[in-house]
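Data first, discussion second: the structure below is written as structure tokens.
The values are calculated or read from the model by the stated rules, or taken from the named source; none is laboratory data. Because the structure is a prediction, the values reported are computed rather than measured. Neighbour counts run over all protein chains shown; Cβ positions are idealised from the backbone, glycine included.
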2 protein chains.
Amino acid sequence: MALFSVQTRVAGGEARRGLLHTPHGDIATPAFVAVATRATVRAVSPDDLESLGVQTVIGNTYHLVLRPGAETVGSLGGLHGFSGWRGPWFTDSGGYQVFSLGAGKEHGVGKVAPAFPGDSRPRPQGKSLVRLTEEGAVFRSVLDGSWITFTPESVIHAQRLLGADLVLPLDECTSPWHSREYTQNACERTHRWAKRALAAWEETADTGPNSGQVLYGIVQGGAYEDLRRRSARLIAGLGFPGVAIGGSLGRSKQDMFQVVEWVTDELPEDLPRHLLGIGTLEDIVQAVRRGVDTFDCVAPTRMARNGTLLSLSEPGGRLGIRTARYRRDTKPVDPACDCLACRGHSRAFLHHLLRSGELTYYRLATLHNLRTMVRFMSGIRAVLADGRTPEVRDLLTPG
Amino acid sequence: MALFSVQTRVAGGEARRGLLHTPHGDIATPAFVAVATRATVRAVSPDDLESLGVQTVIGNTYHLVLRPGAETVGSLGGLHGFSGWRGPWFTDSGGYQVFSLGAGKEHGVGKVAPAFPGDSRPRPQGKSLVRLTEEGAVFRSVLDGSWITFTPESVIHAQRLLGADLVLPLDECTSPWHSREYTQNACERTHRWAKRALAAWEETADTGPNSGQVLYGIVQGGAYEDLRRRSARLIAGLGFPGVAIGGSLGRSKQDMFQVVEWVTDELPEDLPRHLLGIGTLEDIVQAVRRGVDTFDCVAPTRMARNGTLLSLSEPGGRLGIRTARYRRDTKPVDPACDCLACRGHSRAFLHHLLRSGELTYYRLATLHNLRTMVRFMSGIRAVLADGRTPEVRDLLTPG
């Protein structure tokens, strides 16, 4: 069976509804992939994910190699057996950590916007913990300060042991503040790494604990049209059955959507497209309209822990539960939501739990934000099934 | 209906099995009361407690008055409505905080043993945050440093708003290192406070959000036989329908069991007896044998968060999940346990979650320890139902 099948295409646009087939079940797309960096989605458990309707999660090879180690996970049944999440797993490669522990620290930036909104200049935030060579990336371990080498081959070997269904190769995620020359060189190195990853992938077929694993390719090229288009063609041409869009997405939302458009424009329609690290409601809708199928992002779960609760019933799509206005508010976070937090608890109680630093808060808030993402993505798929183009304003339903 | 009915008495002993009747359901005793200091049991939610078979929880008036305030809780439906836990609630008064923020800090001790095992002398751990007068206790708020006065009357008023089913009055919990003279004076003041609490209780009947609340009396007197016996007789004589054993329980386990024995020896059989702040498996069995019906203690939930998991299948009744020996252990924490953590996860995974500081750990570990307490108490009740005296060794079942 092909990895991906398109079910509905929206006339006159790139948006599509589809099914991504994995050995651990099908994923209805567009889909949000919950982030489970260290083999768990923070603050919740696999049975929670199942009851929320979460379809798939993404672990991180860099973090899992550091602890508990790919060998350990492999000996305990791979990520599916180790974590208890029996649905589809993605694993990211560590390529993002090349950036976040490297140039991201030096440049003081995230994937898109400057770290300090309103200030267009980057501000260094620290010393790089990464050394890059043609061979691979050498990381300073955040656990014990030791140096650990990641190569395209070692990352494949680790991911064979982790046993995720959908695997991402090692890449270099550049910074929005890297020069064109740097970005081009990094992009070309990522292409050479992609070929090495593919070769290692073919050599290790059927040696890992799980069969039917699939290796995606990653498109790089920063916010430069020619680099992005060339990278997309090259990665698709190497025969990867799926493609992820990685790296710098420019210095603004407009840049980001433009980058996505260049890439999907170059890709064959039958390849599933994953957008790495993007996940606000608005960004997802804009990327779906440009032909993206899956998204992973820490935002919904991290925002939950910081007190920002998503609500499709609010005009802005969210509320800050820490603010004093909710101290005696007996309403649920989102009256239209059917999650455990909204069925059983008031805003006042969640406000109290967060203010008190109670651990109970983090699970309830995470359940709510993930359930909201599930409902939002389901709403997008319903609009696509109707042959319509999704709009954020149609998906929010302020009461 | 009477508050308490005895179902089985063990011949030739004080141990009994019974039912404690509350407006929010009956509690089968002996029972463990899960600690929900700030209106939640840490790391779990009310639906979790229900699925675990937890019968009842205890909140803390001192902490709840500080945040979110008794008025706020009252306006949101009392503890039952605010927290979503619809079963029976106890509320402690703040009397323990008179000790833990006062003499406990000055003396560097807990309720029984010296804070530094093996060293019989106390070591001061800090400055008292409490001033005691005949009127009441003045606390320095741990939130903002302001001074807050608790009197027997104000604590009753607050607890009418909190609306717990079983309420404890303000007392002074003394230190094992207080002199006999100090302990006697404190005990007599606690008796005067008990009378003031009773008067305030009668004045405020039917003015709170919940009907059918019951006020327990608290027996004090340190580890002095005459003081404890006199206090037990006096408190029972004041007409309290239930009695709690509070305060210093001496300097050793032997002292503690002796104190319990003196008190229950003096109490009428039809009064339910609660032992405040005690909760290891061994301590519970010893106190049940001496006629105690209910127990509250942070130990099971706090130990869970620190990595100590109870297991009725281990000879010692527990295991330290942080130790490296569990890194690749595929067994559940306790093969005989039916909790979510034991049904779905290995020791290796819990070890990994704790080592990684993942929030998911805290709920799974707490579910497990609470479920173990529920199973343990149920085992005690089954032994009593057979007319036998419970022994810890009969309740542990090492595989």
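Criterion first (assigned to a helix (DSSP H, G or I) and buried (at least 19 other Cβ atoms within 10 Å of the Cβ)) does residue B:200 satisfy it?
Criteria met by residue B:200.
Out of the residues in segment B:300-316 that are free of Cβ contacts under 8 Å to residues at least 60 places away in the same chain and in a loop (DSSP other than H, G, I, E, B), which is surrounded by the most Cβ atoms within 10 Å (Cβ to Cβ)?
B:307
Could you check, for segment A:22-38, whether at least one of its residues is more than 30 Å from residue A:290 (Cβ to Cβ) and surrounded by fewer than 23 Cβ atoms within 10 Å (Cβ to Cβ)?
Yes, because at least one residue in segment A:22-38 is more than 30 Å from residue A:290 (Cβ to Cβ) and surrounded by fewer than 23 Cβ atoms within 10 Å (Cβ to Cβ).
Would you check which residues across segment A:75-102 are within 20 Å of residue B:345 (Cβ to Cβ), among the aliphatic types (A, V, I, L, M) and touching a strand residue (DSSP E or B) at 6+ places or on another chain (Cβ under 9 Å) and list them?
Within segment A:75-102, just A:79 meets the criteria.
Give the residues of segment A:326-356 that are at the interface with chain B (Cβ under 7 Å from one of its Cβ atoms) and in a loop (DSSP other than H, G, I, E, B), sorted by residue number.
Matches in segment A:326-356: A:327, A:328, A:330, A:345, A:346, A:356.
So which residues in segment B:41-87 are of a type in the set (Gly, Ala, Ser), within 11 Å of chain A (Cβ to nearest Cβ), in contact (Cβ under 8 Å) with a residue 12 or more places away in the chain and assigned to a loop (DSSP other than H, G, I, E, B)?
B:43, B:45, B:77, B:84
Yes or no: segment B:226-241 includes at least one residue that is buried (at least 24 other Cβ atoms within 10 Å of the Cβ), modelled with pLDDT of 95 or more and among the hydrophobic types (A, V, I, L, M, F, W, C).
yes
Return yes when residue B:149 is under 22 Å from residue B:222 (Cβ atoms) and loosely packed, with under 13 Cβ neighbours inside 10 Å and no when it is not.
The answer is no for residue B:149.
Quick check on this structure: which one of A:395, A:359 is under 21 Å from residue A:32 (Cα atoms) and either within 14 Å of chain B (Cβ to nearest Cβ) or surrounded by fewer than 24 Cβ atoms within 10 Å (Cβ to Cβ) (or both)?
A:395
Restrict the check to segment A:259-274 and report whether at least one residue is under 15 Å from the mean Cα position of the chain (by Cα) and either of a type in the set (Gly, Ala, Ser) or assigned to a loop (DSSP other than H, G, I, E, B) (or both).
Yes, some residue in segment A:259-274 is under 15 Å from the mean Cα position of the chain (by Cα) and either of a type in the set (Gly, Ala, Ser) or assigned to a loop (DSSP other than H, G, I, E, B) (or both).
Only one residue in A:232, A:236, A:194, A:244 is under 27 Å from residue A:369 (Cβ atoms) and touching a Leu at 6+ places or on another chain (Cβ under 7 Å). Which one?
Among A:232, A:236, A:194, A:244, only A:244 is under 27 Å from residue A:369 (Cβ atoms) and touching a Leu at 6+ places or on another chain (Cβ under 7 Å).
Quick one: which residue in B:245, B:284, B:321, B:278 is buried (at least 24 other Cβ atoms within 10 Å of the Cβ), outside the structural domain of residue B:341 (by TED's automatic domain parsing) and closer than 30 Å to residue B:350 by Cα?
Testing whether each residue is buried (at least 24 other Cβ atoms within 10 Å of the Cβ), outside the structural domain of residue B:341 (by TED's automatic domain parsing) and closer than 30 Å to residue B:350 by Cα leaves just B:284.
For segment A:238-256, give me each residue that is touching an Asp or Glu at 6+ places or on another chain (Cβ under 8 Å) and not in a loop (DSSP other than H, G, I, E, B).
Those that are touching an Asp or Glu at 6+ places or on another chain (Cβ under 8 Å) and not in a loop (DSSP other than H, G, I, E, B): A:253, A:256.
All but one of (1) within 27 Å of residue A:34 (Cα to Cα); (2) in a helix (DSSP H, G or I); (3) touching a residue at least 60 places away in the same chain (Cβ under 8 Å); (4) not basic (Lys, Arg) hold for residue A:183, so report the exception by its number.
The single condition residue A:183 does not satisfy is (1).
Output the number of the condition that residue B:51 fails; it satisfies all remaining conditions of (1) farther than 17 Å from residue A:363 by Cα; (2) among the small types (Gly, Ala, Ser); (3) more than 19 Å from the chain's Cα centre (by Cα).
Condition not satisfied by residue B:51: (1).
Within segment B:345-358, is there a residue that is on the phi > 0 side of the Ramachandran plot and outside the structural domain of residue B:215 (by TED's automatic domain parsing)?
Yes, some residue in segment B:345-358 is on the phi > 0 side of the Ramachandran plot and outside the structural domain of residue B:215 (by TED's automatic domain parsing).
Taking into account only those residues within segment A:162-178 that are at pLDDT 95 or above and among the small types (Gly, Ala, Ser), which is surrounded by the fewest Cβ atoms within 10 Å (Cβ to Cβ)?
A:163
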